[in-house]
Amino acid sequence: MTPHSPRGGSGMTIIVKSTTRIVTAFIMLFGTTIVLYGHVTPGGGFAGGVIIAAAFALIVLAFGKTLAGRFVTGTTASVWDSAAATAFLFVGVLGYLGGCFFWNFLRPPQSGRFTLFKLYSAGSILLSNTAIGMKVGMGLLGVFLALSVFRPRREEGEGHE
Amino acid sequence: MSDLTPVVLYALLGFMILGSIVAVEIADLLSAVIAMGAVGFGLSLVYLFLGAPDLALTQVVVEILILVFLIRLVVQRKDTTEQHPPGALLVGGIMLVMGVVLTIMVMAFSDMHPFGSPLFSRTAAAPTIAFDYLREAVAQTGATNIVTAILLDFRAYDTLGEATVIFASIVGAYAVLRRVGRISKGGTE
């Protein structure tokens, strides 16, 4: 990401920046909780992933793309997106350990080894939820970055013409 | 489901239809986006009243993110497309198609289960596989959120298909946006 965009490094006012600094960690924590406890409470990979993407989008909007581009770029997002999609497929393929596609290989039915309402109660559902959460979050973040990166340049191009 | 629920649902439905009309008809794009967001939040309330918190949560967060995306894109822009009044033949054709579709919809919906008696509850007369999902989900998967148990265990293959659709759409978005970016970059440098 090139830091030569005319409005790139500015971001928003100090009020927005300070609020973002305080709030972002909690939003990400909330998203992660939604993802990890998707098999216990309402939510799951998709909703949690969107919340995480929204937290990143908040950073990009508040601090500007130049600063945000130091730790997450469109390339990073798309790499994580693809990796998580592959990981979800891999969880499904690992089901062949138990005999069929997407078999819950970490938790044999009626095993009674795990207590309900706990994090590790549902076996491979936790892995699938994590993979989907990462996939959706990073995918949407990548689209957001692509939109916000290319828009000012196009306006600049229109201005020159 | 209490006695008040149908009233609330109809009110929300009216609100959503109103919001949709505003979103289509208004010239200011920002107002249209906000009206669309109101429709989305109304839909999430409908899900909440129908007892589907998973869907309501997903709808709310997706709505927020999409609203941010769209406001970011359309702020300070006007809808510059001109409105041409459509010809009589076109209006007639649209009315005809709408009538046919409406007739088919009424015929199809009269065969559906009545509102408020879902397939999952049919157990005594005709046991369904959906009811087996409800009964066996906790014992078979350990997931106390049965929606997740169905999505990621019983029907995980469907979810893989959905994930593939999302992946493909995001790749498509990348392709479209990247092409614009490259052309602009070549033009400015």
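Observations, loosely collected:
- Filtered residues of segment B:6-19 (kept if surrounded by fewer than 16 Cβ atoms within 10 Å (Cβ to Cβ) and under 21 Å from B:Ala52 (Cβ atoms)): B:Pro6, B:Val7, B:Val8, B:Tyr10, B:Ala11, B:Leu13, B:Gly14, B:Ile17
- Residue count for segment B:27-69, restricted to those that are assigned to a loop (DSSP other than H, G, I, E, B), more than 10 Å from chain A (Cβ to nearest Cβ) and hydrophobic (A, V, I, L, M, F, W, C): 2
- Residue selected from segment A:78-104 under the condition of a type in the set (A, V, I, L, M) and more than 8 Å from chain B (Cβ to nearest Cβ), by the criterion nearest to the chain's Cα centre (by Cα): A:Ala84
- Cross-chain or 6+ apart pairs with Cβ under 6 Å, segment B:132-150 first and touching a residue at least 40 places away in the same chain (Cβ under 8 Å) and within 10 Å of chain A (Cβ to nearest Cβ), then of a type outside the set (Phe, Trp, Tyr) and assigned to a helix (DSSP H, G or I): B:Val147/B:Asp54
- For segment B:70-104, a residue qualifies if it is modelled with pLDDT under 85 and assigned to a helix (DSSP H, G or I), and the qualifying residues are B:Arg72, B:Leu73, B:Val74.
- Residue count for segment A:91-122 under the criterion of being assigned to a helix (DSSP H, G or I), loosely packed, with under 13 Cβ neighbours inside 10 Å and at pLDDT 80 or above: the result is 3.
- For segment A:37-61, a tally of residues being closer than 17 Å to B:Pro53 by Cα and in a helix (DSSP H, G or I) returns 7.
- Test: residue in segment A:62-73 that is assigned to a helix (DSSP H, G or I), facing chain B (nearest Cβ under 8 Å) and modelled with pLDDT under 90: no
- Contact map, segment B:1-29: residues that are within 17 Å of B:Ile71 (Cα to Cα) paired with residues that are of a type in the set (Asp, Glu), Cβ distance under 6 Å, separation 6+ or inter-chain. Pairs shown: B:Ala27/B:Asp79; B:Leu29/B:Asp79.
- Pick from segment B:116-151, criterion under 21 Å from the mean Cα position of the chain (by Cα) and modelled with pLDDT of 75 or more, ranking: surrounded by the most Cβ atoms within 10 Å (Cβ to Cβ): B:Thr148
The values are calculated or read from the model by the stated rules, or taken from the named source; none is laboratory data. Everything numeric in this text was worked out from a predicted model, so none of it was measured. We place every Cβ from the backbone using ideal geometry, glycine too, and count neighbours over all the protein chains shown.
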